[in-house]
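The next block holds one structure in the form of structure tokens; read it before the comments.
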Amino acid sequence: MIDLRSDTVTKPSPAMRKSMAEAEVGDDVFKEDPTVNKLEEYIADLLGKEAALYVPSGLMGNQICLNILTDPGDEVICDREAHIFNYESGSPARLSGIQLYPVDGELGVLTPEQVEPYIRTTAYHMPRTKVIEVENTHNRAGGTIWAVEKIIALKNLAKKHNLYFHLDGARIWNACVETGISPNEYASNFDTVSCCFSKGLGAPIGSAIAGSKDFIKEAYRVRKAWGGGMRQVGILAAAALYAVQNNRERLKEDHIRAKKLAERINANSNLEINMKAVQTNILLFKPLKLKQAEALKLCKDKGLILTPGTVDSLRAVTHLDVNDDDINKAADIIDEVFK
Ligand SMILES: Cc1ncc(COP(=O)(O)O)c(C=O)c1O
């Protein structure tokens, strides 16, 4: 089976497992796990923030940030295809009593002109807009990248209206290797940032959030309150540290493979793909003659697993555990299914 469902399906490599086996550990709820402390310092430094906190998942990372930046009844503006809006199980409402206001962007990127009309006035019968959220790279838009100038334009809008600015940087590493922009430069524009080790970087678990010292102090409390206080978790933080230190540069290979596969898809007249959206490791493409469910099944029967994309499209994601040969085979299967 060639598994292109997600970049989360990777297994820890022998070298990563070795670093996990050898990790020094302690009770992280007492802040005594040296490997977690090292990871948090490393991430704070990489993102140019005062402090960082290791959390079990990207979802928890985003939601802790939103919880701290808002009060119940507040509103967060995001792109309509944002992960926090589509894939976080309604957590903003469940965990923080807040609502999201989805705005239509282009390939996941929002402009101040698109956002400003939806920032609420202070009328008492309206929710209070508190945060603007950005996702970079953008998952449901197909791994698309935010240019720094676009981020700065939206940050200036947030500033003008006294709003917080949050980055869902689950795949910020992909944006960085593709553009050459440093994590620090991207992150410097935001109040709070979340990033993941368990996507393209190949760690089995874990994310981090970063921001000011005061913010992280509060985040530490919220993580505990939500059951995310972990004990000798250095064994997992070691995998994250290994991932972020060793697997960032190689993301470029995933992007090259995704482009190759996209070109083969683009050459097939029974499939539609927006090549403008092919920027990193996620591909969305639409079968013109088959329904989504049938297309997924036929691919699977021939040895290729994909996931549903948005509405009627299919999604393929390149990652650490697929090579050139797998990509060629995947393209051959796609050509056979959609001939
Ligand atoms: C953009 C984005 N943010 C957040 C998450 C949530 O990460 P997790 O699955 O670790 O909760 C994901 C997961 O795929 C994601 O793609």
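The values are calculated or read from the model by the stated rules, or taken from the named source; none is laboratory data. Nothing here was measured: the structure is a model prediction, and the numbers come from that model. Don't worry about glycine lacking a Cβ; one is built from the backbone with ideal geometry, like all the others, and counts go over all protein chains shown. Note: accessible area is taken over every heavy atom of the protein model, side chains too, but ligands, DNA and RNA are not part of it. Shrake-Rupley method; radii C 1.70, N 1.55, O 1.52, S 1.80 Å.
Filtering region 191-221 to residues that are within 16 Å of the ligand (Cβ to nearest atom) and open to solvent by 10 Å² or more (accessible area, probe 1.4 Å) leaves SER198, LYS199, PRO204, ILE205. Of the set (1) within 14 Å of the ligand (Cβ to nearest atom); (2) part of a helix (DSSP H, G or I); (3) farther than 23 Å from LEU53 by Cα, all apply to ALA175 but (3). Within region 195-213, is even one residue farther than 30 Å from ASP3 by Cβ, over 19 Å from the mean Cα position of the chain (by Cα), in a helix (DSSP H, G or I) and not charged (D, E, K, R)? No, because not a single residue in region 195-213 is farther than 30 Å from ASP3 by Cβ, over 19 Å from the mean Cα position of the chain (by Cα), in a helix (DSSP H, G or I) and not charged (D, E, K, R). For region 299-309, the set of residues classified as part of a loop (DSSP other than H, G, I, E, B) and within 24 Å of THR137 (Cα to Cα) consists of LEU306, GLY309, listed by residue number.
A residue that is within 16 Å of the ligand (Cβ to nearest atom), of a type in the set (D, E, K, R) and at pLDDT 95 or above occurs nowhere in region 120-128. Inspection of region 279-298 identifies no residue that is part of a helix (DSSP H, G or I), of a type outside the set (A, V, I, L, M), open to solvent by less than 10 Å² (accessible area, probe 1.4 Å) and under 19 Å from ASN136 (Cα atoms). Residues in region 244-258 that are assigned to a helix (DSSP H, G or I) and surrounded by 17 or more Cβ atoms within 10 Å (Cβ to Cβ): VAL244, LEU251, GLU253, ASP254, HIS255, ARG257, ALA258. When LEU95 is tested against (1) open to solvent by less than 30 Å² (accessible area, probe 1.4 Å); (2) within 16 Å of the ligand (Cβ to nearest atom); (3) of a type in the set (A, V, I, L, M, F, W, C); (4) under 21 Å from ILE216 (Cβ atoms), exactly one condition is not met: (1). Just give me the residues in region 48-75 being aliphatic (A, V, I, L, M), more than 23 Å from GLN245 (Cα to Cα) and open to solvent by 40 Å² or more (accessible area, probe 1.4 Å), in sequence order. Passing the criteria: only ILE68. Scanning region 281-339 for residues that are in contact with a Phe, Trp or Tyr (Cβ under 9 Å, 6 or more places away or on another chain) and of a type in the set (A, V, I, L, M) returns LEU288, LEU290, ALA295, LEU298, LEU314, ALA316, ILE334.
Checking every residue in region 39-47 against the condition of being touching a His at 6+ places or on another chain (Cβ under 9 Å) and either surrounded by 21 or more Cβ atoms within 10 Å (Cβ to Cβ) or closer than 18 Å to TRP226 by Cβ (or both) gives zero matches.
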